[in-house]
Amino acid sequence: MRSHHRRAAQGVAALFILAAATALGQGSPVDEIAKYRAALQDGNPAELWEARGEDMWKQARGPKKASLERCDLGLGPGVVKGAYSELPKYFADADRVQDLETRLVWCMVTQQGYTEADAKKNPFGAGNDKKADMEALVAYVTSESRGIRMNVPQSHPKEQEAYRIGEKIFYYRGGPHDFGCATCHGDDGKRIRLQDLPNLTKVDGARKAYTTWPAYRVSQGELRSFQWRLNDCFRQQRFPELEFASDASIALTMFLARNANGAEFDAPAIKR
Amino acid sequence: MHTRYLLSVMTAIVVTGCAGGAATPPSATDAGIAAKAEAMLKASFKARGQAGLDRLDQDETQRVCSALANKPPPREIAEKIERANLAMIKWPADGKLLGDWKNGEKIAQEGRGKQYSDDPAGPVGANCYACHQIAPQEVSYGTIGPSLYRFAKVRGYGPEIQKYAYGKVFNSDAYAACTTMPRFGHNGILTEQQMKDVVALLMDPESPVNK
């Protein structure tokens, strides 16, 4: 994995050149994005986060000086391979539906001895000045589901309820602009300014969007998790701030993840 | 009064949604899930900057349109929503509907406003270009709404169209129930003068929109 880092750096340079070309209007932005993604397939800077997250997973950390290697992400203690493609799901020990981040917080509290507040303290990074452990762990765990088909369960009543609540939240309109998720993601082939908007009410759109998060955002020089994506879309929706790992975030993730079932997971990806 | 009516319409939608379904426990009805979703939302956000938790409270239009889950409203419901919203439009006291199109262009371009990350002291724009093609010089426009290029040239410059354009910007649901277009005046996003200016952008014969 590490041998890719230099290639990743070259890739980023290439990406900026392509981004500049796009700004000059050569070719449609969609084509350009598809091109630079293809060019970078084996040199995504997200690998830096994945590697850091893997180290962190294995290190003895927290007040109890324990690693996360006994953390059960749903497939048994310590099993990381394929775990993300089945999340969110119901966990009997917590007696609730959890997404990846909530589950990581759970393990950090029960196994490493962190307080919940400490485990949730720094969910999103900001370049080199503020590296978020959470986003590194998310990068590592999600990378271990790459190529595996989404298979999010709906067998437990709480999983079914989370899905239905998530659907309601998706269509919930409010705030000064009357916006809901479906305002911007409820139709085919729409864009805001020049930004393409996926139709998340359709299987195709949901699959493509969900399976490409988390993503390294070139414009931000940062790896972004799905929790971050939701947080930032709610900001654009003019809502107050979505709390990290909140119940609404889990329900909404359940709705979108489940709708992506059957599609091959393909992240951490790289995006504009 | 219209509030009570919309509530009953809302109940009708919910009831219809459940009719024909197998016997479901009360907690799993559509209304039960909607109530849980609302409670969950309210427990999952924190106030930040200018965005308080009151933004999660829905008015009747928002509530009815949310329950439709992106489906177009049935005609009878649409008419009620449109009538109720039309009645709430505040027309300019001076009777003038057109301001300065050049200012209107700036307001239509401005994307800032009302996000918790925005400065509460302003600027607050309308970001019409996020959703509409307007002046042909601006090529970075969105497609959520229809093109407004040549708006008055095609539809006419007369007082009726002026009134429609102002009313549409003030309260878009008055003309198209459950539209995705924000109600800029009704919800206090834009001032009266700002609305006149963007209406001028669409209506003024000198505006690049009509050239």
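The values are calculated or read from the model by the stated rules, or taken from the named source; none is laboratory data. Please read all numbers here as calculations on a predicted model, not as lab measurements. So basically every Cβ, Gly included, is an ideal-geometry build from the backbone, and we count neighbours across all protein chains shown.
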* Which ones in region B:55-72 are more than 9 Å from chain A (Cβ to nearest Cβ) and surrounded by fewer than 21 Cβ atoms within 10 Å (Cβ to Cβ)? -> B:GLU60, B:LYS71, B:PRO72
* To do: Might you check whether a residue that is in the same structural domain as B:ASP204 (by TED's automatic domain parsing), over 25 Å from B:VAL64 (Cβ atoms) and modelled with pLDDT under 95 occurs anywhere in region B:122-134?
  => yes
* Using the structure shown, decide if B:GLY32 is on the phi > 0 side of the Ramachandran plot and either more than 8 Å from chain A (Cβ to nearest Cβ) or in contact (Cβ under 8 Å) with a residue 60 or more places away in the chain (or both). => no
* Matching option when the condition is in a helix (DSSP H, G or I) and surrounded by 21 or more Cβ atoms within 10 Å (Cβ to Cβ), among B:ASN103, B:ASN85 -> B:ASN85
* Does region A:141-148 contain at least one residue that is over 20 Å from A:VAL97 (Cα atoms), part of a helix (DSSP H, G or I) and more than 7 Å from chain B (Cβ to nearest Cβ)? -> yes
* Structure fact -> Within region A:172-210, restricting to residues that are β-branched (Val, Ile, Thr) and in contact with a helix residue (DSSP H, G or I) (Cβ under 9 Å, 6 or more places away or on another chain), the one that is nearest to the other protein chains (Cβ to nearest Cβ) is A:ILE192
* **Only listed residue being of a type outside the set (Val, Ile, Thr) and at positive phi, chosen from B:GLY104, B:GLY113, B:GLY52, B:GLY99** => B:GLY113
* Structure fact -> The lone condition A:VAL79 fails out of (1) closer than 23 Å to A:PHE226 by Cβ; (2) in contact (Cβ under 8 Å) with a residue 24 or more places away in the chain is (2)
* Criterion (more than 10 Å from every other protein chain (Cβ to nearest Cβ), touching a helix residue (DSSP H, G or I) at 6+ places or on another chain (Cβ under 6 Å) and of a type outside the set (Ser, Thr, Tyr)) met by exactly one of B:ALA176, B:ALA165 -> B:ALA165
* Which of the residues that make up region A:57-75 are of a type outside the set (A, V, I, L, M, F, W, C), in contact with a Leu (Cβ under 9 Å, 6 or more places away or on another chain) and surrounded by 15 or more Cβ atoms within 10 Å (Cβ to Cβ)? -> A:ARG61, A:GLY74
* Which pairs do you get when a residue that is over 19 Å from B:CYS131 (Cβ atoms), found in region B:95-118, comes within reach of a residue that is hydrophobic (A, V, I, L, M, F, W, C) and in a loop (DSSP other than H, G, I, E, B), reach meaning Cβ atoms under 9 angstrom, with the pair 6+ apart or on two chains? -> B:LEU97/B:TRP91; B:TYR116/A:PHE239; B:TYR116/B:ALA47
* Output the residues belonging to region A:258-272 that are more than 14 Å from chain B (Cβ to nearest Cβ) and part of a helix (DSSP H, G or I). => A:ARG258
* Structure fact -> Per the filter on region A:48-81, residues in a helix (DSSP H, G or I) and either under 19 Å from the mean Cα position of the chain (by Cα) or among the basic types (Lys, Arg) (or both) are A:LEU48, A:TRP49, A:GLU50, A:ALA51, A:ARG52, A:GLY53, A:GLU54, A:MET56, A:TRP57, A:LYS58
* To do: Look through region A:241-257, keep the residues that are over 17 Å from A:PHE124 (Cα atoms) and at the interface with another protein chain (Cβ under 9 Å from one of its Cβ atoms), and return whichever of them is surrounded by the fewest Cβ atoms within 10 Å (Cβ to Cβ).
  => A:ASP247
* Give, as residue ranges, the helices (runs of 4 or more DSSP H) completely inside region B:133-211 that count at least 2 residues that are under 29 Å from B:SER66 (Cβ atoms). => B:159-170, B:192-203
* **Residue within region B:81-102 that is outside the structural domain of B:PRO182 (by TED's automatic domain parsing), over 24 Å from B:PRO159 (Cα atoms) and aliphatic (A, V, I, L, M) present** => yes
